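Every number here is computed from the coordinates shown, using simple stated rules; none is lab data. From a predicted model like this one, the values you see are computed outputs, not experimental measurements. Counting neighbours? That spans all protein chains shown, and the Cβs are built from the backbone with ideal geometry, glycine included.
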Amino acid sequence: MSLQSIEPLLCANVSVRYAGKPAILRDVRFDMQPSEVLGLIGQSGSGKSTLAMTILGLLDKKRSHVEGAIKFQGSDLLQLSEHELRALRGRTIALVLQSPLSSLNPALKIRTQLKEAWRAHASGTSAECLRAIRTALENVSLPSNDDFLRKYPSQMSVGQAQRVLIAMAILHQPALLIADEATSALDVITQSEILSLFRALNRSTGMAILYISHDLASVAGICDRIAILHEGAIVECGTTQQIFANPRHEYTQKLMAAMPRIEPSLPANKMWAASVT
Ligand SMILES: Nc1ncnc2c1ncn2[C@@H]1O[C@H](COP(=O)(O)OP(=O)(O)O)[C@@H](O)[C@H]1O
Ligand SMILES: [Mg+2]
């Protein structure tokens, strides 16, 4: 994909603090091009989820203070009303979280949950709804037959449950998908399959992905660029190749040094490429 687009999809410059606490994010600046996969990497507690919630307008306004601007498709997300944000969330900007089984409602069949997600932003006949659901399931390589649609979350593997959540997230063909530690709770094989799925969906649909993780090694293979969040600021941002070949900031260098080296014959700056599918 080209990184030469004139108009970024998203352009953020934002500071956030929770009531009674020092700032969590201080002038966090980054942009995303349409169809780009940007990795946002930072250690636990560095404010990654806070940033995701800020983009989606999900922070409790009474307990947090947000300054700056997040330009997205011509408007500043921080200036939108709750009504406008609700129209955007799940339709233009989608979110996939870490624990698939706790993000799904255990008491409802997945057909019901997918239908609710479709109806939240679309009006149409039951047949149209079902067609959209089946297409989304096929796009995440899940069965789309009635037997599968009748399942409850507990009747699925964790990998299948994560695919259902991703199907839900792509139902309305969002321009931006935010994956917040979406593969962190998965075993390594399922993690690799889901990462490949995100990459395949990015290529086939053109949706941009903000891939948030504490784990540089596991996500690098799917990212066009990587931004490193440290002590409330983005200390380094570059193409995946740049970050791996020439990490400039001390913290990025530490992250690189901490990465496991499975194949001694493979130079560190080539490790990310090994996982690209
Ligand atoms: N609702 C909240 N109220 C107060 N502090 C919070 C809240 N949510 C997160 N924090 C604090 O903000 C910091 C960043 O949290 P978070 O954004 O969840 O980090 P990450 O996702 O990188 O692990 C942590 O110190 C956390 O305790
Ligand atoms: Mg988090």
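Across segment 25-41, rounded Karplus estimates of 3J(HN,Hα) from the backbone phi angles (6.51 cos²θ - 1.76 cosθ + 1.60, θ = phi - 60°) give 10, 10, 6, 6, 10, 6, 9, 9, 8, x, 6, 8, 9, 10, x, 10, 10 Hz, Gly and Pro being marked x. As an exercise, identify the GluC sites (Glu not before Pro) in segment 174-268 lying in DSSP coil whose Cβ has no more than 16 other Cβ atoms within 10 Å. Taking segment 174-268 and a limit of 16 other Cβ atoms within 10 Å, the loop GluC sites (Glu not before Pro) found are GLU231.
Residues in segment 207-216 carry Karplus couplings, in order, of 6, 7, 10, 9, 9, 9, 7, 8, 10, 4 Hz; the curve used is 6.51 cos²θ - 1.76 cosθ + 1.60 with θ = phi - 60°, and Gly or Pro positions show x.
Between Rg and the Kirkwood Rh of the chain, both from Cα atoms, what is the Rg to Rh ratio? Mind dumping the intermediate values first?
Values: Rg = 18.8 Å, Rh = 19.5 Å.
The Rg/Rh ratio comes out at 0.97.
Determine the sum of side-chain charges near HIS249: Lys and Arg each +1, Asp and Glu each -1, restricted to other residues whose C-beta is under 13 angstrom from that of HIS249. Provide the component values of the computation, followed by the final result.
Numbers: positive: ARG248, LYS254; negative: GLU231, GLU236, GLU250.
Every neighbour counted, the sum reads -1.
Taking one quarter of the surface of the convex hull spanned by the alpha-carbon atoms of segment 1-132 gives a direction-averaged projected area of 10.6 nm². For SER64, the residues 5 or more places off, or on other chains, whose built amide H falls under 5 Å of its own are ALA19. Take every DSSP beta bridge whose two residues both sit in the chain; close to 55 percent of them are antiparallel.
Would you mind putting 79-88, 19-28 in packing order, based on average other-beta-carbon counts within 10 Å, highest first? It would help to have the intermediate numbers written out before the result.
Values: 79-88: 12.6, 19-28: 14.5.
Final packing ranking: 19-28, 79-88.
Taking 19 Å as the straight-line reach from the Cα of LYS115, the lysines in range (excluding those fewer than 8 positions away in the same chain) are LYS151. In terms of other Cβ atoms within 10 Å, MET156, MET256 run from fewest to most in the order MET256, MET156.
Which trypsin sites (Lys or Arg not before Pro) does segment 119-205 hold that lie in a coil by DSSP with at most 13 other beta carbons within 10 Å? Before the final figure, lay out the partial values.
Values: sites: ARG119, ARG131, ARG134, ARG150, LYS151, ARG163, ARG199, ARG203; in loops: ARG150, LYS151.
Filter output for segment 119-205: ARG150.
In this structure, the amide hydrogen of ALA233, modeled 1.01 Å from its nitrogen in the peptide plane, lies closer than 5 angstrom to those of ARG26, counting only residues at least 5 positions away or on a different chain.
Listed from fewest to most Cβ neighbours within 10 Å, the set ILE110, ILE189 follows the order ILE189, ILE110. Close amide-amide hydrogen proximity is noted between VAL96 and ILE178, ALA179, ASP180, each under 5 Å apart and 5 or more residues distant or on a separate chain (H modeled in the peptide plane; Pro and chain starts excluded).
Over the chain, what is the mean sequence separation of C-alpha contacts under 8 Å (at least six apart), divided by residue count, expressed as relative contact order in percent? Once divided by the residue count of the chain, the mean separation gives 24 percent.
In summary, segment 101-171 shows an alpha-carbon radius of gyration equal to 0.98 times the 2.2 N^0.38 Å reference for compact globular proteins.
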